[in-house]
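The values are calculated or read from the model by the stated rules, or taken from the named source; none is laboratory data. It should be emphasised that the depicted structure is a prediction, and the values quoted were computed from it without experimental measurement. As a convention, Cβ positions derive from the backbone with ideal geometry for all residues, glycine included, and neighbour counts pool all protein chains shown.
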């Protein structure tokens, strides 16, 4: 999912999404509006602000697909902010909330984070899990999950 306001200033995109949320508080698109707060902050390397926006989705929409997507991106932003402990926590939460996305990218980043922490045995185990759960297919090399 990518925001149509992805490259606009934070003030522009957030004002429009906030207005949508205020006008349509029960819309099924509200979780996506909350999700679309974070991309500009993330791209601007304002990782703590991005994480705070994404945590709103987790708090309000618990076990929904939107919450799973938010958990993944909190893991990404945490890793960019050199917070490997929270990166691992939120990557794990993503795979628990959305266990059958058909995408192993979260396992890759989980394993890479372990590797970055020099926890090589655990990283190797995670890479093994990735290979067993998502064996390589010659005909299908693209990620098809909704958070990419």
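Values computed for the structure shown
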read-out: Residue in the range 63-75 that is at pLDDT below 90, surrounded by fewer than 20 Cβ atoms within 10 Å (Cβ to Cβ) and either on the phi > 0 side of the Ramachandran plot or over 11 Å from the mean Cα position of the chain (by Cα) (or both) present; value: yes
read-out: Candidate set from the range 84-136 (those that are more than 15 Å from the chain's Cα centre (by Cα), crowded, with 18+ Cβ neighbours inside 10 Å and within 27 Å of residue 64 (Cβ to Cβ)); member that is modelled with the highest pLDDT; value: 111
read-out: Matching entry among 3, 27 (being modelled with pLDDT under 80, more than 18 Å from residue 91 (Cβ to Cβ) and not in a helix (DSSP H, G or I)); value: 3
read-out: The range 26-48 residues that are under 13 Å from residue 81 (Cβ atoms), paired with ones that are surrounded by fewer than 17 Cβ atoms within 10 Å (Cβ to Cβ) (beta carbon under 6 Å, 6 or more apart); value: 47/80; 47/81
read-out: Selection status of residue 93, in a helix (DSSP H, G or I), touching a helix residue (DSSP H, G or I) at 6+ places or on another chain (Cβ under 9 Å) and under 20 Å from residue 35 (Cα atoms); value: yes
read-out: Condition check for residue 60: farther than 18 Å from residue 106 by Cα, modelled with pLDDT under 90 and not in a helix (DSSP H, G or I); value: no
